[in-house]
Amino acid sequence: RLETLTDEIPGIPWGIEQLPTGEILVTERGGGLFLVNNDKELTEVSGVPAVASQGQGGLLDVLIHPDFENNALVYLSYSRINPDNGSERTTAVARGRLEGNNLVDVENVFTALPYLNSSHHYGSRLVFDNNGYLYVSVGDRGNRDAYPQDLSNAHGKIHRIHDDGQIPTDNPFYNTAGAVNSIFTYGTRNPQGMTLHPETGALWEGEHGPQGGDEI
């Protein structure tokens with residue numbers, strides 16, 4: 001059974017997350033976050049960080065904290081402009097508390113470094129596992145032959161962090177000299193699908209290949 005909840009979201013809807021109330025948060029790649037209530041009414045949420053809506057970038061995934069009913073935390077992945085160089089962008093993750101139709105106390109908890117002059121392959125899916133770790137997918141930003149296999153940069157990787165952005169000390173490269181210590185896996189091209197296996201809790205990831213060659 002197919003039911004239209006709303007056809008009023010402008011631009012390109014990208015991420016979707018259901019709240020415990022049944023209401024739905026939807027990101028629009030141009031930079032808008034929308035709440036669709038149970039009466040199918042659409043309201044824009046304020047407080048979203050400024051995004052670089054260029055190429056494949058913009059406001060991307062949305063995810064609520066596992067303890068959302070108590071802390072009201074919402075996580076957003078987005079393409080962020082380098083504050084020191086307006087031509088460079090990267091994948092970043094911000095979180096804020098949802099109060100009505102407003103995000104408040106918004107802060108960045110993850111930034112994939114370095115910033116690059118590229119407008120595609122941001123990755124950006126967000127998943128919490130059963131132990132409360134947050135996983136962030138980051139694409140290769142268009143340079144699949146250099147970044148994904150190099151542990152000194154954050155691109156072409158899946159990252160694992162705590163819900164506040166701190167780095168787990170048991171990450172596989174936490175004590176590796178020169179490595180970005182948030183890296184959980186590396187060697188990905190443009191990972192835009194992630195989910196947990198419903199029985200094992202294992203993280204599954206899907207990524208785009210060039211003109212075919214997609215992988216899980």
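Taking each pair of different alpha-carbon atoms in the stretch 16-55 once, compute 1/r for the pair, average those values, and report the inverse of that mean as the Kirkwood hydrodynamic radius in Å to one decimal. Provide the component values of the computation, followed by the final result.
Details: mean 1/r = 0.0919 Å⁻¹.
Evaluated on the stretch 16-55, it is 10.9 Å.
Here r is the Cβ-Cβ distance between ASN38 and ILE167 and R0 is 30 Å; the resulting FRET efficiency, rounded to 0.05, is 0.20. So, R0 is 35 Å and r is the distance between the beta-carbons of GLN211 and ASN117; what FRET efficiency does that work out to, to 0.05? So, using R0 = 35 Å, E works out to roughly 0.90. Karplus-derived 3J(HN,Hα) values for the stretch 75-83, using 6.51 cos²θ - 1.76 cosθ + 1.60 with θ = phi - 60°, are 10, 10, 9, 7, 8, 10, 7, 4, x Hz; glycine and proline are entered as x.
Carbon and sulfur together cover what percent of the accessible area of the chain at a 1.4 Å probe radius?
Details: 4590 of 10600 Å².
The C+S portion of the solvent-accessible surface of the chain is 43 percent.
Taking the average, over residues, of other Cβ atoms within 10 Å as the packing measure, peptides 141-150, 6-15, 57-66 rank 57-66, 141-150, 6-15 from highest down.
Using 0.36 nm per residue and subtracting the Cα-Cα separation, the extra length available between ALA202 and ASP150 on full extension is 16.3 nm.
Considering only alpha-carbon pairs that sit under 8 angstrom and 6 or more positions apart, the relative contact order computed for the chain is 12 percent.
The share of Cα pairs per 10 Å bin across the stretch 121-212, counted from zero up to the longest distance, runs 18, 48, 29, 4 percent. For the stretch 85-99, the residues whose backbone nitrogen is under 19 Å from a point 7 Å from the Cα of THR6, taken along Cα to Cβ, are 96-99.
Can you tell me, using C-alpha contacts under 8 Å and at least 6 residues apart, the relative contact order of the stretch 119-216 as a whole percent?
On the way: 223 pairs, mean separation 24.0, N = 98.
Reported as a whole number, the value is 24 percent.
The values are calculated or read from the model by the stated rules, or taken from the named source; none is laboratory data. Predicted, not measured: the structure shown is a model, and the values here were computed from it. Positions of Cβ are backbone-derived with ideal geometry, glycine not excepted, and every protein chain shown enters the neighbour counts. What goes into the accessible areas is simple: the full protein's heavy atoms, side chains included, and nothing from ligands, DNA or RNA. Shrake-Rupley method; radii C 1.70, N 1.55, O 1.52, S 1.80 Å.
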